[in-house]
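Quick notes on the structure that follows.
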Amino acid sequence: MSIDSAGLGALILVVAMFAVTLATRWGGVFVMSFVPINERVKRFIGGMSGSVLVALLAPMAVAGDGGARLALLTTAVVVLVLKKPLPAIAAGILAAAVYRWL
Amino acid sequence: MSGTGSNLCELNRQLVWTGFKQLVPISFFVILFGAAFGLAATQSGLDEGLTAGMSTLVFAGASQFAALDLWGPQVPVVTLLVTVFAVNARHLLMGATLYTWLRDLSPARRYGVLLVVSDANWALAMQAFNRGQAGLGLLLGGGLALWSFWVFGTVLGICFGGAVHDPRSLGLDMVMGCFLLAMVAGGEMSRRTAIIWTVAAGASLLAYWYLPANSHVVVGALAGGVVGAFTREKKNEH
C-alpha cells in the first residue's frame, strides 16, 4: 500500500511516523508497569541498559568505513586518557572528517 | 518511602535547567546534524513546513533519515512505518530501564518526560542514576536541549542547506556514535559487565549480518539483558 506524498498525504505520513515513534517512547515504561519488579528483572534491565549502547556501536565499529572506525577508536582513546567526554567526541568527529578528506 | 530513593527521582525547574545546560555542548553537533537532515529532506522533495514538522514531532534523527530513503511521489506506508518502528525500537528498551525512576511520578509527568527521550540524554541520565545522582533533570532538560537544537538545525538546513551538503565528509554522521561510545568507555567495567557487553556486541553483529535490517540494536540489547538476568555481580560490597 502506498500513499501519494503530495498535499495531505505527506502530512498523514508524518503524523503516522510521530505516532509510531511515540509508541516506542511510551511503550517500554507502559509495559514495565505490568511487570512485577524482582531481583532477576532488575538484573535483566541493568544488563540491557549498557547493552543498548554496545549493540548500537558494534556494527558501526566492525562494518563501518575507515572513517567511522577511526572516529570510534579516537574517541575511546581520548576518553580513557583525558576522562572527559567532550574533547573525546570532538576528536572522534575530527578524525572521521580528516580520514575521509585524505 | 526511603529518603535516598525519592531524591534520585526529584524533578524541579532547577534540575531541568542544569540538565539543559549539560546537553548544550553536544547539541551544537546536533544542530549540524539537523541542518544536514533539513537539506536532505528538501532534496528528497519534502515540503519545507513538513520537514520542520517532522523534526518537531518525530525527533528521532536516524529514523527520519531512513524515511527519506523511502520518500518519493508514492510512499510505501507499511514499509515506512515498520522501518521507523525498527529504528526506534531501542526507545522501548530505554524506557524499560527508566521505569524504576519514573514510576513514582504522576502519569502526566511520567509520559511527559518520555516525550523527549533520546539516546544522549538517556545515556547521561542512566549514568547519573548509576552514580546515585538525580537523573530526571538530565533526561527532561537535556531532552529539551536536544529537541530544540534538532528543530533549529533542521530549519537552518532548509534555509541555508548549502553549508552542509555532505555531513559524512565532515564526520557528522559519527556525532551520536562518538557520544555514546564516550559514555560507555567512561565508566568502570566489572568482569560481569565485560561478559554482558561481549554477548551484546556479538548478538548485535550476528543480527546485523543475518537478520532483517535494523533489528541489531534490539537483539543485542535483549541478549545482554538475558545474560544480566542470569549472572550476579561478585559481592565485594562493604
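The values are calculated or read from the model by the stated rules, or taken from the named source; none is laboratory data. Not measured: the values here are computed from a predicted model. Here the Cβ is made from the backbone with ideal geometry for all residues, glycine too, and neighbour counts use every protein chain on show. We work out accessible area using only protein heavy atoms, side chains counted, and drop any ligands, DNA or RNA first. Shrake-Rupley method; radii C 1.70, N 1.55, O 1.52, S 1.80 Å.
Near A:A97: Cβ cut-off under 13 Å, other residues only, Lys/Arg at +1 and Asp/Glu at -1. The net charge is -1. Rounded if a/c is under 1.5, else prolate if a/b is larger than b/c, else oblate: which is region B:3-187, with a ≥ b ≥ c the root eigenvalues of its Cα gyration tensor? Taking the square roots of the gyration eigenvalues as a ≥ b ≥ c, region B:3-187 is prolate.
If B:W197, B:W150, A:W101, B:W17 are ordered by their accessible area, calculated over protein heavy atoms with a 1.4 Å probe, which sequence runs from highest to lowest?
Numbers: B:W197 50, B:W150 10, A:W101 205, B:W17 130 Å².
Highest to lowest solvent-accessible surface, that is A:W101, B:W17, B:W197, B:W150.
For the pair A:E39 and B:K234, label points projected 7 Å from Cα toward Cβ lie 1.9 nm apart. Provide the net charge surrounding A:M60, with neighbours chosen by a C-beta distance below 11 Å and charges set as Lys +1, Arg +1, Asp -1, Glu -1. Net of charged neighbours comes to -1.
So which of A:K83/B:K21; A:K42/A:K84; A:K42/B:K234 end up more than 27 Å apart by C-alpha?
Numbers: A:K83/B:K21 20 Å; A:K42/A:K84 29 Å; A:K42/B:K234 16 Å.
Violating the 27 Å Cα-Cα cut-off are A:K42/A:K84.
Rounded, prolate or oblate for region A:51-102? Axes are the square roots of the Cα gyration tensor eigenvalues, ordered a ≥ b ≥ c, and the cut-off for rounded is a/c under 1.5. Numbers along the way, then the final one.
Numbers: a/c = 2.40, a/b = 1.01, b/c = 2.39.
The shape class here is oblate.
Taking a ≥ b ≥ c as the square roots of the eigenvalues of the Cα gyration tensor of chain A, is the shape rounded (a/c under 1.5), prolate (a/b larger than b/c) or oblate? Provide the component values of the computation, followed by the final result.
Details: a/c = 2.93, a/b = 1.22, b/c = 2.40.
Oblate shape, in that a/c is at least 1.5 and b/c is the bigger or equal ratio.
Annotation: Cα Rg of the protein assembly as shown relative to the compact-globule expectation 2.2 N^0.38 Å equals 0.97.
Using a 1.4 Å probe and counting only protein heavy atoms, how much accessible surface gets buried when A and B come together, both sides summed, in Å² to the nearest 100? Working shown, then result.
Working: alone 8360 and 14080 Å², together 15960 Å².
For chain A against chain B, roughly 6500 Å² becomes buried.
Reducing region B:168-238 and region A:29-102 to their Cα centroids gives an inter-centroid distance of 7 Å.
The slack between B:L50 and B:R109, meaning 0.36 nm per residue of separation minus the straight C-alpha distance, is 18.4 nm.
Percent of accessible area on region B:1-121 owned by carbon and sulfur, 1.4 Å probe? Could you put the intermediate results ahead of the total?
Numbers: 3250 of 5150 Å².
Percent of accessible area from carbon and sulfur atoms in region B:1-121: 63.
Residues of region B:58-78 whose accessible area, computed with a 1.4 Å probe over protein heavy atoms, drops by at least 30 Å² once all protein chains are present relative to their chain alone are B:V58, B:W71, B:P73, B:Q74, B:V75, B:V77. Could you tell me the center-to-center distance, by alpha carbons, between region B:28-46 and region B:79-157 in angstrom? Taking the Cα centre of region B:79-157 as reference, the centre of region B:28-46 is 21 Å away. Heavy atoms of the protein chains alone define the surface here; on that basis region B:3-187 has 39 Å² accessible area per residue at 1.4 Å probe size.
Starting from the 7 Å offset along Cα-to-Cβ, what nm value, one decimal, do you get for the label separation of A:M1 and A:D65? Distance between the two pseudo-spin positions: 3.8 nm.
How many percent of the accessible area of chain A is carbon or sulfur, using a 1.4 Å probe? Kindly include the intermediate steps, with their values, before the conclusion.
Details: 3770 of 4980 Å².
Looking at chain A in its full context, I get 76 percent from C and S.
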